[in-house]
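These notes are about the structure you will find just below.
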Amino acid sequence: MDIKDVKQLARERMKGYCNVCRECNGVACAGQVPGMGGAGTGDAFKRNFEALKNVKVVLRTLHNSKDPDTGIEVLGQKLSLPLITAPVTGSGINMGGYLTEEQYCDAVVEGSKAAGTMAMVGDSGKPEFYVAGLDSVKRAGGEGIAIIKPRENDAVIERIKMAEEAGVKMVGMDIDGAGLVTMALFGQPVGPKSVEDLAQIKKSTDLPFILKGIMTPEEAELAVEAGVDAIVVSNHGGRVLNHTMGVAEALPAIARAVKGKITILADGNVREGVDILKYIALGADAVLAARPVIWGAVAGNEDGVKTVIDTFRNQLYQAMILTGCNDVKSIDESKIVNLNAVK
Ligand SMILES: Cc1cc2nc3c(=O)[nH]c(=O)nc-3n(C[C@H](O)[C@H](O)[C@H](O)COP(=O)(O)O)c2cc1C
């Protein structure tokens, strides 16, 4: 199975949910939440696409970067490339139900592991989805990360304990799920957190704690203050609030504020290996990807996910040769021209 097969099969099997467009730009799926799109007019999703497109890479070939190393270490874990699979829940409601939640979780957790990286598993208003993710991670020997909704602190800490029992390597919270008012209807309220709330959660575990959904330097600094280990600069793929900035626009100022003090992850429209290089050049330590991994899972379960990630790694390797980067550390702002910053 190659990446062409993945896209073709996913397109057939996700009919009405995802067109697997040549450019995954949020246009055809605008407003499809639930579904694969962005909220409202889809502007925040489209903005992720446009902002990343506005980052251009600098082609250089007179150098010695002949066999670059794509590997990195993130929060104590060695990964074959600077990419982690993003948390995704709701296979039925979002992807058309070709896979059950359990099959989806197994596909991403096992496929990510086989490709030399790790999957995040998510949380939702349906408590059994969180359990499905943890079960997959447990079966994979703990190779995975649990991302919990911003529930009341006691409920978060209870789910961290469940994750520890499953053997996960890290835990975290998608704090940008704070506005999911529907969760209150199911008796599972979510909401924003104070620094004290976060510090209490962080103290409840020895595992690295990741805060997903940070879009400003000020909040990145608050995450540092709370003792959080990593942030994900993310607007949740444009799914929680329309009209936000694109991640590629928000990231540089955040990196200037907290780089070196906290691990910086970023997500939003990573669709080929060179996109990983762009986000790292903008200040991220590593990236997440969701929608392409969904295509992989739907097309070929574990093998499909591995194909997507292997393709990312091969493309990144080529992009590193053609920009003169021997390793991930040497990917810096000299490798790009950021048109978002040109006034
Ligand atoms: C169908 C779908 C379901 C998602 N579910 C979750 C979730 O349960 N928890 C979470 O933190 N993020 C969730 N996300 C957001 C992704 O983790 C990610 O932040 C976002 O999609 C941006 O990455 P992408 O552009 O590569 O898709 C979901 C995204 C999609 C498309």
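The values are calculated or read from the model by the stated rules, or taken from the named source; none is laboratory data. Bear in mind that the values here come from a model prediction, so they are computed numbers and not experimental data. As a convention, Cβ positions derive from the backbone with ideal geometry for all residues, glycine included, and neighbour counts pool all protein chains shown.
One residue stands out among those in segment 12-49 that are within 13 Å of the ligand (Cβ to nearest atom) and not in a loop (DSSP other than H, G, I, E, B): the one that is surrounded by the most Cβ atoms within 10 Å (Cβ to Cβ), which is Phe45.
Test Val247 against the criterion of being closer than 25 Å to Lys15 by Cα, of a type in the set (A, V, I, L, M), surrounded by 20 or more Cβ atoms within 10 Å (Cβ to Cβ) and within 16 Å of the ligand (Cβ to nearest atom), and give yes or no. No, not satisfied.
Looking across segment 76-104, the residues that are of a type outside the set (Asp, Glu), out of contact with any strand residue (DSSP E or B) (no Cβ under 6 Å at 6 or more places or on another chain) and more than 11 Å from the ligand (Cβ to nearest atom) come down to Gly76, Gln77, Lys78, Ser80, Leu81, Gly97, Tyr98, Leu99, Thr100, Gln103. Residues that are outside any loop (DSSP other than H, G, I, E, B), within 20 Å of Gly246 (Cα to Cα) and of a type in the set (Asp, Glu) do not occur anywhere in segment 4-11. Can you say whether Ile254 is free of Cβ contacts under 8 Å to residues at least 60 places away in the same chain, within 16 Å of the ligand (Cβ to nearest atom), surrounded by fewer than 24 Cβ atoms within 10 Å (Cβ to Cβ) and not in a strand (DSSP E or B), as far as the supplied structure shows? No, not satisfied. Contact annotation: residue pairs with Cβ atoms under 9 Å, 6 or more positions apart or on different chains, pairing a residue in segment 1-17 that is under 18 Å from Thr311 (Cβ atoms) with a partner that is in a loop (DSSP other than H, G, I, E, B) and polar (S, T, N, Q), are Arg11/Asn19. Of the residues screened, Val308 is one that is at pLDDT 95 or above and within 12 Å of the ligand (Cβ to nearest atom). Report whether or not Val342 is out of contact with any Gly (no Cβ under 9 Å at 6 or more places or on another chain) and under 24 Å from Gly90 (Cα atoms). No, not satisfied. Met120 meets each of the listed conditions (1) more than 10 Å from the ligand (Cβ to nearest atom); (2) outside any loop (DSSP other than H, G, I, E, B); (3) touching a residue at least 60 places away in the same chain (Cβ under 8 Å); (4) surrounded by 24 or more Cβ atoms within 10 Å (Cβ to Cβ) apart from (1). Pairing residues of segment 267-296 that are within 20 Å of Ile147 (Cβ to Cβ) with residues that are within 13 Å of the ligand (Cβ to nearest atom) and among the polar types (S, T, N, Q), at Cβ distances under 6 Å and at least 6 apart in sequence or on separate chains, gives Asp267/Ser234; Gly268/Asn48; Asn269/Asn48; Val293/Thr85.
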